[in-house]
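To start, the structure under review is shown below, and the notes come after it.
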Amino acid sequence: MKHFLGLTDVSAEELTHLLEDAARLKADAQRGSRPPLLAGRVLGMIFEKPSLRTRASFEAAMAHLGGASIFLSASDGPIGQRESVADFARTLSHYVDTVVLRTFKHSTIEEFARHASVPVINGLSELCHPCQVLGDLLTIQEHFEGGIRGKTLVFVGDGNNVARSLALGCGKLGARFILSAPEGYRFDAGFAQRFQRVCPKAELIQDGIPSQAVSQADILYTDVWTSMGQESESEQRRAQFAPFQVNAQLLAQAPSHARVMHCLPAHRGEEITGEVMDGPRSIVFEQAGNRMHAQKALLKRLMA
Ligand code: CP
Ligand code: NVA
């Protein structure tokens, strides 16, 4: 793995090793041990969109591992405006050992990676959110005896960046993925083909009836209906997604052992009710915490 632009950059074996290492690093951290595995290393972070979890978890991870990070936001000028993306990438590569980018267009991350001489990590684009899914897979491995293989994750909501990465992550690790989304918000044919190519043994199931889909769920996952960059569509989306809210009534249709996940930030009262998010079946804050442990393993793999 040279870069981590999407789940397609890691084999199932590499993904399994990353998650095992993440679990070890988490156990170390919980014992109070923070070995300086990345002493002297620097992580560059370029974010065109806001972030709490991704930014803070990467910065904390670098601090725990004895390294440092440099954060550049849109206030430093959108990427590619003051100078070309290529010149930016070639320059920054002299100062840092790895770069995380969060951009509006996935093509910006790809262009950056083509010109950078250091590893590049996708910290979210409109296409996918692979770092999120590393933490999610770690969370699922921890929560279910026997791990993720054979489990069913039902994603209720928009077939967006998080959903695409989750589908690939589940497919690679032998879990079933079901997308329950209104028409017009499901995976397109291009993604379905990519999924089939990357996970030839897995089935990509799409189902427009949420109660039917969640009846099979070990994990019920949701995300915002309007992602960053789609704000002009939010009113229309609120109307179309209303029947897809994760609320107590929908959760009652799921098996009693099913757990609820959300990548956060959540819009309480829209895609998920506060009652479900704060309820006993929600594991959303453990999930958020695991972002840091999973990313430590990724940083170690790319930088150490
Ligand atoms: N889940 C996630 O990526 O959160 P942030 O947008 O706060 O980084
Ligand atoms: N789908 C959301 C995820 C935020 C972490 C977005 O792209 O805004």
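Measuring nothing but how far apart in sequence close Cα pairs (under 8 Å, 6+ apart) lie, relative to its length, the stretch 1-118 scores a relative contact order of 28 percent. If you take the alpha carbon atoms of the chain and fit the smallest convex hull around them, that volume is 125 Å³ per residue. Computed on the Cα trace of the stretch 1-95, the radius of gyration divided by the Kirkwood hydrodynamic radius gives Rg/Rh = 1.01.
Listed values for the stretch 135-142 are Karplus-derived 3J(HN,Hα) couplings in whole Hz (6.51 cos²θ - 1.76 cosθ + 1.60, θ = phi - 60°), namely x, 5, 5, 4, 4, 5, 4, 5, and x replaces Gly and Pro.
Indicate the gyration tensor shape class of the stretch 59-195 (rounded, prolate or oblate), computed on the Cα atoms with a ≥ b ≥ c the square roots of the eigenvalues: a/c under 1.5 is rounded; otherwise a/b larger than b/c is prolate and the rest oblate. Cα axes put the stretch 59-195 in the oblate bin. With all protein chains in place and a 1.4 Å probe, the accessible surface of the chain carries 49 percent carbon and sulfur. Past the 27 Å Cα-Cα mark, which pairs from Lys2/Lys49; Lys49/Lys296; Lys105/Lys151; Lys2/Lys172; Lys2/Lys105? Result: Lys105/Lys151 exceed 27 Å.
For the chain, the solvent-accessible area works out to 42 Å² per residue, with a probe of 1.4 Å and every protein chain left in place. For the stretch 144-261, the Kirkwood radius over C-alpha pairs fed into Stokes-Einstein at 10 °C and 1.306 mPa s yields D = 110 µm² per second. Using just its DSSP H runs of length 4 or more, each adding -39500 (n - 2.57), the chain gives a mean residue ellipticity at 222 nm of -12500 deg cm²/dmol after division by all residues.
Spread over its residues, the convex hull of the C-alpha atoms of the stretch 100-143 is 66 Å³ per residue. The mean sequence distance of close C-alpha pairs (under 8 Å, at least 6 residues apart), as a share of the length of the chain, puts its relative contact order at 20 percent. Residues whose amide H lies under 5 Å from that of Ser69, counting only those 5 or more places away or on a different chain, are Leu43; hydrogens are built 1.01 Å from N in the peptide plane.
A Cα-only calculation for the stretch 72-131 places Rg and Dmax at 10.6, 28 Å. Rounded, prolate or oblate: which fits the stretch 1-53 when a ≥ b ≥ c are the square roots of the eigenvalues of the alpha-carbon gyration tensor, with rounded for a/c under 1.5 and prolate only if a/b beats b/c? The shape class here is oblate. Within the stretch 235-278, the proportion of C-alpha pairs whose separation exceeds 14 Å stands at 49%.
Rounded to the nearest Hz, the phi-derived 3J(HN,Hα) couplings of the stretch 111-123 under the Karplus curve 6.51 cos²θ - 1.76 cosθ + 1.60 (θ = phi - 60°) are 5, 4, 5, 5, 9, 7, 9, 10, x, 10, 10, 7, x, where x marks glycine and proline.
Quick check on packing: order 250-258, 284-292 by the mean number of other C-beta atoms within 10 Å, highest mean leading. Intermediate values should be presented prior to the final figure.
On the way: 250-258: 15.7, 284-292: 20.0.
Descending mean neighbour count gives 284-292, 250-258.
On a C-alpha basis, how far is the centre of the stretch 270-304 from the centre of the stretch 218-250 in Å? Whole number, if you could? What the calculation gives is 19 Å, centre to centre.
Collect residues whose amide H, placed 1.01 Å from N in the peptide plane, falls under 5 Å from the amide H of Ile205; neighbours closer than 5 in sequence don't count. The answer is Phe177, Leu179. Label-to-label distance for Ala248 and Glu13 is 5.0 nm, based on points extended 7 Å past Cα in the beta-carbon direction.
The values are calculated or read from the model by the stated rules, or taken from the named source; none is laboratory data. All values reported here derive from a predicted model rather than from experimental measurement. Cβ sites come from the backbone with ideal geometry, for glycine too, and all protein chains shown count toward neighbours. SASA here: full protein model, heavy atoms, side chains in, ligands and nucleic acids out. Shrake-Rupley method; radii C 1.70, N 1.55, O 1.52, S 1.80 Å.
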